[in-house]
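**Student:** Quick one: the structure is below, questions incoming.
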Amino acid sequence: MTQSFDTPLPPPKERRRLRELGSLTQAQLAARLGVSRETVRAWETGRSTPSGRKRESYGKLLASLAAVRPTAEVTVPQGPEPAPVLTVSLSKAAPNPEPPTPTPAAALPPTQAFDALYAFCAPALVRQTYLLTGRRELARESVEQAFQVAWQRWPEVAVDPDPASWVRATAYEYALSPWHRFRPRYRHPEPPPADASDRALLDVLLTLPPPYRRTLLLYDGVGLGLPETAAETEASTPAAASRLLHARSAIAERLPDLAEPEVLHHRLAKTASTERLRAAKPPTVRIESERRARFWTRAAIAITVAIIGATALTLHTAPTRYEPPVPPGETVPGVPPKAAPGTLSTAELALRAKLRAESANGPEKLLPEPR
């Protein structure tokens, strides 16, 4: 008896669609098939294709998912949905599952697709940024700034395989910028959380270096894998692992009850969920992004016109021929230098007094008197 492992598989996009219809994450699907999450991601992006028994198991699983809801259509939510606090759920089979991402909306207009992405990611992203910075207003501003940049570069973001990660990385970079310390509104600390345990955790987080804090939040808070965390923090995988271990040890040293990763994750989620953090509406973010784009466009045009005007004025007033510089004067040999006026002698002083004493008008001016 022979088996055929040449099981037909749907296209990569259809594979992802069927998995999402079954409400499965890539990590959960990988646990069922006995492969890694990176392998499932490669299958769904078309970078690789399963073979052998893995192909047969994968094909049967996709067929069962298609049989459950064969006529289901994937649509992007049109309004805010209750998202998890840190866009992550823990399970024993998959300790670091992938955060849910919104369904691609290629058929939607850009404004609707952007609003759907914002409604899906913004609430949880504001909470994550608050844990990263400890400032409520800065967290809200960072998320809005990231989505404004995303709207300005929407053609690039719309085709990104994971637009939520693109926006998250932009928000984290803005929130961790060292230039915020020079802003007057951020020189003073904000009121700490009301709960003592939340205050203690936030104090420990803020004592960590920003790269360590970001790595810990992505791995233990958001739930990314180590390779994804290293890629998003622009570090190697060993460096990301070292940062994670050092951050965990620093927290466990001051808060021994948070030594376990699962306990730490739940505490991070609890600390973020207790704060009332709200982001602006999607239309407001889009309008502000367009306003800034117009401002910088006009500023660039004004600067260009000023440069052109200065160049034209320089060309108009510049000399058309070469004029050699005047050489410095030289001393003629044999001619004594001109002496400066000095004090008058006695005879000169007498003559000057005589001239001043005589009248200015009269025959003396015309005919000299004989002496």
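The values are calculated or read from the model by the stated rules, or taken from the named source; none is laboratory data. Model, not experiment: these values are computed from the prediction. Please note: Cβ atoms are built from the backbone with ideal geometry, for glycine as well, and neighbour counts cover all protein chains shown. Heads up: the accessible areas ignore ligands, DNA and RNA and are worked out on the full protein's heavy atoms, side chains in. Shrake-Rupley method; radii C 1.70, N 1.55, O 1.52, S 1.80 Å.
**Student:** Among 250, 279, 351, flag the residue with its Cα farthest along the positive direction of the charge dipole of the stretch 212-353, charges on Cβ as +1 for Lys/Arg and -1 for Asp/Glu.
**Tutor:** The residue sitting farthest along the positive end of the dipole is 279.
**Student:** Okay, next question. Computed FRET efficiency, Cβ-Cβ of residue 53 and residue 185, R0 56 Å: what is it to the nearest 0.05? Intermediate results must be reported in sequence, preceding the final value.
**Tutor:** On the way: r = 60 Å, r/R0 = 1.08.
Given R0 = 56 Å and the Cβ-Cβ separation, E is 0.40.
**Student:** Note the full-extension length gain between residue 195 and residue 257 as 0.36 nm times their separation in residues minus their Cα-Cα distance, in nm to one decimal. Walk me through the numbers before you get to the answer.
**Tutor:** Working: separation 62, 0.36 × 62 = 22.32 nm, distance 1.60 nm.
Full extension of this stretch gives 20.7 nm more.
**Student:** Tell me, what HN-Hα J-couplings in whole Hz come from the Karplus equation 6.51 cos²θ - 1.76 cosθ + 1.60 at θ = phi - 60° for each residue of the stretch 228-233, using x for Gly and Pro?
**Tutor:** Whole-Hz 3J(HN,Hα) from phi for the stretch 228-233: 5, 5, 5, 5, 6, 8.
**Student:** Now, a different point. Between residue 38 and residue 288, what length in nm is gained on full extension when 0.36 nm per residue of separation is reduced by their alpha carbon distance? Could the numbers behind the result be given before it?
**Tutor:** On the way: separation 250, 0.36 × 250 = 90.00 nm, distance 3.76 nm.
Working it through step by step, the gained length comes to 86.2 nm.
**Student:** Tell me, what is the per residue accessible area of the stretch 166-312 in Å², probe radius 1.4 Å? Walk me through the numbers before you get to the answer.
**Tutor:** Working: 8440 Å² over 147 residues.
For the stretch 166-312, the per-residue accessible area is 57 Å².
**Student:** Let me ask something additional. Kirkwood hydrodynamic radius, computed over distinct alpha-carbon pairs, for the stretch 146-274: how many Å, to one decimal?
**Tutor:** Numbers: mean 1/r = 0.0621 Å⁻¹.
Roughly 16.1 Å, rounded to one decimal.
**Student:** Would you please put 277-283, 303-309 in order of how densely packed they are, using the mean number of other Cβ atoms within 10 angstrom per residue and starting with the highest?
**Tutor:** Numbers: 277-283: 16.3, 303-309: 10.0.
Descending mean neighbour count gives 277-283, 303-309.
**Student:** Right, here's the next one. If packing is taken as the mean number of other Cβ atoms within 10 Å per residue, what is the order of 182-188, 291-297, 254-260, highest first?
**Tutor:** Numbers: 182-188: 9.0, 291-297: 11.4, 254-260: 13.1.
Ranked by mean Cβ neighbours within 10 Å, highest first: 254-260, 291-297, 182-188.
**Student:** Now for a different question. Compute the length gained on full extension between residue 276 and residue 152: take 0.36 nm times their separation in residues and subtract their Cα-Cα distance, giving the result in nm to one decimal. If you can, show how the numbers build up before the last one.
**Tutor:** Working: separation 124, 0.36 × 124 = 44.64 nm, distance 2.83 nm.
Extending this stretch completely gives an extra 41.8 nm.
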